[in-house]
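No lab work stands behind these numbers, since they all come straight from the coordinates. Keep in mind that what you see is a predicted model, and the values were worked out from it rather than measured. Cβ placement follows ideal geometry from the backbone for every residue including glycine, while neighbour counts extend to all protein chains displayed.
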Amino acid sequence: MRMPGRKPGIRNLDDLQKRRQFNIGAAAQGTASFVDAAVLKNMVGITVRFVSGYEVSAQVRLAIERGELDGDCATWSSLLRLDK
C-alpha cells in the first residue's frame, strides 16, 4: 500500500486500522489494485471505501497527490517506476 505524506497520523498498520475510513482508488473491480485493497479490507480489518473509474494508475496517483484519495495498493514494479 502506498500512502502520501499528506495524511498525518498514519505511520503504521495500527494507525490505519483506527481510521474511520480509508479511500482507495482503482480503475475498476477486478483490477490488481482493487483486489489488493479488498484483501486489506477483509484480512486486516481496514474500513475501505473504493473509488473506481480511473483509466490508468497515474490518475490514481494524481488523485492521491490532490488529496482526493488516501492511498492505493500498487505492485512493487509500478512503485519502482515512480522513482525514474
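With viscosity set to 0.692 mPa s and temperature to 37 °C, compute the Stokes-Einstein D of region 13-82, Rh being the Kirkwood radius across alpha carbon pairs; µm²/s, no decimals.
269
Using modelled backbone amide H atoms (1.01 Å from N, in-plane), which distant-in-sequence or interchain residues come within less than 5 Å of VAL48's amide H?
PHE22
How much length is gained on full extension from GLN21 to MET43, taking 0.36 nm per residue of separation minus their Cα-Cα distance? Numbers along the way, then the final one.
Working: separation 22, 0.36 × 22 = 7.92 nm, distance 1.56 nm.
Roughly 6.4 nm would be gained on extension.
What's the FRET efficiency of ASP14 with GLU55 using the Cβ-Cβ distance as r and R₀ = 35 Å, to the nearest 0.05?
Calculated transfer efficiency: 0.55.
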